[in-house]
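This report refers to the structure that appears directly beneath it.
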Amino acid sequence: MPAPVDDRILRLFDEYTHAPLPRRVFLERLTALAGSAAAAAAILPLLDSNYAHAAVPADDPRLAASRVTYPAPSGTMSGYLVVPKAGPGKRGGVVIVHENRGLTPHIEDVARRVALAGFNALAVDLLAPHGGTPADEDKGRELFAAKVDRAKAWQDVAPAIALLAARPDSNGKVAAMGFCFGGGVINDLAVGAPNLAAGVVFYGRAPNVADVPRIKAAMLLHYAGNDPGINAGMAGYEAALKAAGARYEQHVYDGAQHAFHNDTAGARYDKAAAELAWSRTVAFLKRELG
């Protein structure tokens, strides 16, 4: 378990990753909060992503992975497709949408976890039309801010639903799962894509509440207890879901930080919350996708 980090520093890191702040400004402010450059240097490894960790190795023999492309409004999209080698001849599919730095090794790892749970998994790269996800996270965030239209991103994900549904090993049911930026995309996708069977949102911004009655998919919503920016829209979204008679589950993980599910995210990762959220996610997908 990572060492505890002051909430002020975690809020600063959240601002850095979402605004985004230039790294120079982030480091200056981190140094001020930490009290010295040496203290800031000691804290940095507890904040930055550690992609050396993977819950499921890329060469897991139980899985078959490949790269696929498909046409979308913004251009040719690419994705990381992972399917289980064993199991039923027909299975549900899950589209996975990443955070605001692109298709990172962590999101590819999540795709492998989804496949091991018994589904065809496709993790899309929303930066594909702009050269693909760079290895440097800062460059990924900058590219995102410059090139990806938050309001229209779901339209580049929507064709992936039909792609998975059309596979010969598909049972025709497709869900979508997203984290942070990707969580907001899933909410928008649920509004705009009537062929979506289910949506799983990890700490994603709420959709326009006026659009909520258009949601036909079953929704599973995971929120961190300590995430005021995202949680500001939580109550209104839930009220709209109730008023629309939507099928949904909502869970708040007390004390958890934004990105609590990301086990490469250092101090923000919350093992207990992540494992509980994942067990609920797998159960939900099995129920909704068969």
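The values are calculated or read from the model by the stated rules, or taken from the named source; none is laboratory data. These numbers come from a predicted model, not from an experiment. Neighbour counts run over all protein chains shown; Cβ positions are idealised from the backbone, glycine included.
Quick one: in the range 7-42, of everything that is aromatic (F, W, Y) and free of Cβ contacts under 8 Å to residues at least 24 places away in the same chain, which residue is farthest from D138 (Cα to Cα)?
F26
Restricted to the range 117-146, and to residues that are part of a loop (DSSP other than H, G, I, E, B) and touching a residue at least 40 places away in the same chain (Cβ under 8 Å), which residue is surrounded by the fewest Cβ atoms within 10 Å (Cβ to Cβ)?
G132
Residue-wise test of (1) in a loop (DSSP other than H, G, I, E, B); (2) surrounded by 16 or more Cβ atoms within 10 Å (Cβ to Cβ); (3) β-branched (V, I, T); (4) outside the structural domain of G266 (by TED's automatic domain parsing).
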{"site": "A54", "(1), (2), (3), (4)": "yes, yes, no, yes"}
{"site": "P71", "(1), (2), (3), (4)": "no, no, no, no"}
{"site": "M77", "(1), (2), (3), (4)": "no, yes, no, no"}
{"site": "G102", "(1), (2), (3), (4)": "yes, yes, no, no"}
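Need a quick list: strands (runs of 3 or more DSSP E) entirely within the range 181-290 having at least 3 residues that are small (G, A, S).
Qualifying strands (runs of 3 or more DSSP E): 218-226.
Taking I107, is it of a type in the set (V, I, T), in contact (Cβ under 8 Å) with a residue 60 or more places away in the chain and not in a strand (DSSP E or B)?
Criteria met by I107.
Hey, among the residues in the range 258-290 that are modelled with pLDDT of 95 or more and surrounded by fewer than 15 Cβ atoms within 10 Å (Cβ to Cβ), which one's farthest from V95 (Cα to Cα)?
A272
Given R67, R24, which one is basic (K, R) and in a strand (DSSP E or B)?
Every option except R67 fails the conditions.
For residues in the range 107-126 being of a type in the set (G, A, S) and in contact with a helix residue (DSSP H, G or I) (Cβ under 6 Å, 6 or more places away or on another chain), which is nearest to W278 (Cα to Cα)?
Applying the filter and picking the extreme gives A117.
I'd like to check something: does the range 270-283 contain any residue that is closer than 15 Å to G183 by Cα and either of a type outside the set (A, V, I, L, M) or out of contact with any strand residue (DSSP E or B) (no Cβ under 9 Å at 6 or more places or on another chain) (or both)?
So far as the range 270-283 goes, yes, one or more of its residues are closer than 15 Å to G183 by Cα and either of a type outside the set (A, V, I, L, M) or out of contact with any strand residue (DSSP E or B) (no Cβ under 9 Å at 6 or more places or on another chain) (or both).
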